[in-house]
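These notes are about the structure you will find just below.
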Amino acid sequence: MPSIDSVLAFAVASLALLVIPGPAVLYVINRSIADGRSTALAAVAGLEIGNFVHVIAATLGLSAVIAASAAAFGIVKWIGAGYLVYTGIRTLLRKPTTFDQDQKSLSRRKSFTQGIIVNTFNPKVALFFLSFLPQFIDTDRGSTALQSLILGSLFVILGMLSDGLYAILASALRAPLLRGKSLPFVQRYVAGSVFVLLGVVASTTRRS
């Protein structure tokens, strides 16, 4: 079982990632603006299933690699940290994604299905599980697979709350979101800075 300190630290890092407007958040907001609250919440349910695909992948494979040796841990740590910093810098330099206001309305079932696809192939989530989750696995605290499953499930729960809140707020604030400029600013500058910070933190983590 992961320690309480690890769970709390992982929760904070997860929230930092989840609140940043990326593919999942933009999809939820698009569905909220185009189709309303119920369809957006269906999209959220699909997104969390997509998140859980990454949890299963981490539980089955990644933790075993990390537990194998200090060298394997070091490789994962430095590659992951470097990629986080690279992604942050690239995010800071590129223009943010714009909303597709002309996207056709979807049924709740279609929105749910697309949500699964969006997060299953969401590079932001894959990056997080490959480069940051391993830092919270302690081989001295029992099964690494169980620790991955617990932490990953926590990520899914937090994702459901975060994405759900976006869906509720966005569906209630359609007009201001379409006119406002704050979301692109967050998507570019705040997101890029957070990724760089996560990379620095990951690079300083030692194997337990």
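Read the figures in this text as sums done on the coordinates, not as results from a lab. None of the values given here were measured: they were computed from a predicted structure. Heads up, the Cβs are rebuilt from the backbone with ideal geometry, glycines too, and the neighbour counts pull from every protein chain shown.
As a proxy for reagent exposure, ranking R109, R188 by other Cβ atoms within 10 Å from fewest up yields R109, R188. Of M1, M160, the sequence from fewest to most neighbouring Cβ atoms within 10 angstrom is M1, M160.
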